[in-house]
1. Any idea how many residues of region 1-42 are farther than 25 Å from residue 116 by Cα, assigned to a loop (DSSP other than H, G, I, E, B) and either open to solvent by less than 20 Å² (accessible area, probe 1.4 Å) or modelled with pLDDT under 80 (or both)?
2. Quick check: is even one residue across region 121-134 open to solvent by 20 Å² or more (accessible area, probe 1.4 Å) and closer than 28 Å to residue 151 by Cα?
3. Could you check region 31-53 and list, in sequence order, the residues that are within 17 Å of residue 130 (Cβ to Cβ) and touching a Ser or Thr at 6+ places or on another chain (Cβ under 8 Å)?
4. Among all residue pairs at least 6 apart or on different chains, which show Cβ distances below 6 Å where the first residue, located in region 65-84, is closer than 29 Å to residue 127 by Cα and in contact (Cβ under 8 Å) with a residue 60 or more places away in the chain and the second is aliphatic (A, V, I, L, M) and surrounded by fewer than 18 Cβ atoms within 10 Å (Cβ to Cβ)?
Amino acid sequence: GPFQAYHGNLAYHQKYEPEGKPINRGQEFKVGDQTLKWMERKDWIDGPVHYDLVGENCATYLYRNIYSATKQRVTLFIGSDDAIKVWVNQQEVLARNIVREAEPAQEKIQVELKPGNNELVLKVVNYSGRYGFFFTLKSDPAMVPANVVDIAALDRANRTDEQQAAIRDYFRPT
């Protein structure tokens, strides 16, 4: 679904939760005297550059679930201001310590998704000035939209009528 984020005064080389570990969105993290937790951001959709990360000399972790019906290769397109590390299913797939403005598709990474849920984690590190990221992915065939994935993960009994309709519309043959 949409990205989740948590944020603190972290450096590129310093390893923190949740690097290389399964994500528990209810988990809280102690960093110094701060308590950090995952926060859902429905406004961080794929495609545009999001320049609303906050802070200097710090890092924000971004997490999302990518659902794939089959084992398949996809291409991740990522941009960052400044440095970036990326994990897919706890495996580091990208590490670039760089100072730059975030733009679309600065990095292109081919990864293999397993059937079912795949955990994507981005660590975006800002040194100074503006702070942001870009993300989208391409696959063949096209992936199920994130909102449909999130609804499908809900127990049928817990779905609203609108959610049930969204699933029906998506999976109905054309």
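1. 9
2. The answer is no; no qualifying residue exists.
3. 53
4. Between residues of region 65-84 that are closer than 29 Å to residue 127 by Cα and in contact (Cβ under 8 Å) with a residue 60 or more places away in the chain and residues that are aliphatic (A, V, I, L, M) and surrounded by fewer than 18 Cβ atoms within 10 Å (Cβ to Cβ), the close pairs are 76/109; 76/137; 77/105; 83/98.
Residues checked against (1) more than 14 Å from the chain's Cα centre (by Cα); (2) of a type in the set (Phe, Trp, Tyr); (3) under 22 Å from residue 38 (Cα atoms):
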site	(1), (2), (3)
57	yes, no, yes
68	yes, no, no
96	yes, no, no
104	yes, no, no
107	yes, no, no
119	no, no, yes
122	no, no, yes
133	no, yes, yes
138	yes, no, no
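The values are calculated or read from the model by the stated rules, or taken from the named source; none is laboratory data. Remember, it's a predicted structure, so these values are computed and weren't measured experimentally. Cβ sites come from the backbone with ideal geometry, for glycine too, and all protein chains shown count toward neighbours. The area values use the complete protein model at the heavy-atom level, side chains included, leaving out ligands, DNA and RNA. Shrake-Rupley method; radii C 1.70, N 1.55, O 1.52, S 1.80 Å.
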